[in-house]
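J.: This is the structure I have questions about; it appears just below.
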Amino acid sequence: MQTAYTDAAGRSNPDFLNLGAGNIGGKILTAGLYKWTTALNIPTDITISGSSTDVWIFQVAGTLKMSSAVRITLAGRAQAKNIFWVVSDAVTCGTTSHFEGNILGMSGINLQTGATINGRMLAQTAVTLQMNTVTQPQ
């Protein structure tokens, strides 16, 4: 986990810097390196769109908060196994939300009641699940 976190967090020259000023609700995200120097909020649905070989790395310097009942949807041939969320603080996915990708967290990861994820959750402290469904990406 530490090796993967260090590699992904150390990538430089982002394609997108502080997109949406830390609020990416409603956006369609194409492949590339994204960096936020603050917290990141996902208050409404987002789409990750690309080919089956595209890679997305999201570097977040603060917390990552996804609101309840919000969905991340994959479009085109985008694959969850190629999506990496590198978060230096806590990650929270609200109740009944749906997350796509691999979370590499420096702090805790919390999936609230009924939240689902197609991906992996790796944290240096703890992963907390509350009646959740976790699917390993193909």
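The values are calculated or read from the model by the stated rules, or taken from the named source; none is laboratory data. The structure displayed is predicted, hence computed values, not measured ones. Because the Cβ atoms are built from the backbone with ideal geometry, glycine has one as well, and the counts that use them run over all protein chains shown.
J.: Which of the residues that make up segment 85-136 are touching an Asp or Glu at 6+ places or on another chain (Cβ under 8 Å), farther than 17 Å from ALA9 by Cβ and not in a strand (DSSP E or B)?
T.: Answer for segment 85-136, where residues must be touching an Asp or Glu at 6+ places or on another chain (Cβ under 8 Å), farther than 17 Å from ALA9 by Cβ and not in a strand (DSSP E or B): just GLY119.
J.: Does LEU64 qualify as being buried (at least 17 other Cβ atoms within 10 Å of the Cβ), modelled with pLDDT of 95 or more and under 19 Å from ILE109 (Cα atoms)? Let's see the steps before the verdict.
T.: Values: buried (at least 17 other Cβ atoms within 10 Å of the Cβ): yes; modelled with pLDDT of 95 or more: yes; under 19 Å from ILE109 (Cα atoms): yes.
Spelling it out, LEU64 is indeed buried (at least 17 other Cβ atoms within 10 Å of the Cβ), modelled with pLDDT of 95 or more and under 19 Å from ILE109 (Cα atoms).
J.: Given the conditions (1) crowded, with 17+ Cβ neighbours inside 10 Å; (2) closer than 15 Å to ALA8 by Cα; (3) not charged (D, E, K, R), report the number of the one that GLY32 does not fulfil.
T.: Tallying (1) crowded, with 17+ Cβ neighbours inside 10 Å; (2) closer than 15 Å to ALA8 by Cα; (3) not charged (D, E, K, R), GLY32 fails exactly one: (1).
J.: Quick check on my filter: what residues within segment 35-47 are out of contact with any helix residue (DSSP H, G or I) (no Cβ under 8 Å at 6 or more places or on another chain), buried (at least 16 other Cβ atoms within 10 Å of the Cβ) and within 16 Å of SER12 (Cα to Cα)?
T.: Scanning segment 35-47 gives a single hit, LYS35.
J.: Name the one entry in GLN112, GLN59 that is at pLDDT 95 or above, over 12 Å from the mean Cα position of the chain (by Cα) and surrounded by fewer than 24 Cβ atoms within 10 Å (Cβ to Cβ). Spell out the reasoning first.
T.: Details: GLN59 fails: over 12 Å from the mean Cα position of the chain (by Cα).
So the residue among GLN112, GLN59 that is at pLDDT 95 or above, over 12 Å from the mean Cα position of the chain (by Cα) and surrounded by fewer than 24 Cβ atoms within 10 Å (Cβ to Cβ) is GLN112.
J.: For segment 48-70, which residues satisfy the criterion of being touching an Asp or Glu at 6+ places or on another chain (Cβ under 7 Å), closer than 16 Å to ILE28 by Cα and part of a loop (DSSP other than H, G, I, E, B)? Let's see the steps before the verdict.
T.: Filtering segment 48-70 for residues touching an Asp or Glu at 6+ places or on another chain (Cβ under 7 Å) gives 48, 62-63, 70.
From what is left, the residues that are closer than 16 Å to ILE28 by Cα are 48, 70.
Matches in segment 48-70: VAL70 only.
J.: While we're here: With respect to GLY50, is the statement that it is within 18 Å of GLY94 (Cβ to Cβ) and surrounded by 14 or more Cβ atoms within 10 Å (Cβ to Cβ) true?
T.: Values: within 18 Å of GLY94 (Cβ to Cβ): no; surrounded by 14 or more Cβ atoms within 10 Å (Cβ to Cβ): yes.
No; evaluated as a whole, the condition is false for this residue.
J.: What number of residues within segment 124-135 are within 15 Å of the chain's Cα centre (by Cα) and modelled with pLDDT under 95?
T.: Counting residues in segment 124-135 that are within 15 Å of the chain's Cα centre (by Cα) and modelled with pLDDT under 95 gives 0.
J.: Specify which of the listed residues (ASN23, ASN18) is more than 27 Å from GLN130 (Cβ to Cβ) and polar (S, T, N, Q).
T.: Details: ASN23 fails: more than 27 Å from GLN130 (Cβ to Cβ).
Among ASN23, ASN18, only ASN18 is more than 27 Å from GLN130 (Cβ to Cβ) and polar (S, T, N, Q).
J.: State yes or no: is ILE57 hydrophobic (A, V, I, L, M, F, W, C) and closer than 13 Å to THR116 by Cβ? Let's see the steps before the verdict.
T.: Working: hydrophobic (A, V, I, L, M, F, W, C): yes; closer than 13 Å to THR116 by Cβ: no.
So ILE57 fails the test.
J.: Quick one: LYS27 ticks every box in (1) surrounded by 17 or more Cβ atoms within 10 Å (Cβ to Cβ); (2) touching a Gly at 6+ places or on another chain (Cβ under 8 Å) except a single one, so which number is it?
T.: If we test LYS27 against (1) surrounded by 17 or more Cβ atoms within 10 Å (Cβ to Cβ); (2) touching a Gly at 6+ places or on another chain (Cβ under 8 Å), just (1) comes out false.
J.: What number of residues within segment 75-91 are under 24 Å from THR113 (Cβ atoms) and crowded, with 18+ Cβ neighbours inside 10 Å? Reasoning before the result, please.
T.: As a first pass, look at segment 75-91 and keep what is under 24 Å from THR113 (Cβ atoms): 80, 83, 85, 87, 89-91.
Retained after the next criterion (residues that are crowded, with 18+ Cβ neighbours inside 10 Å): 80, 83, 85, 87, 90-91.
Qualifying residue count, segment 75-91: 6.
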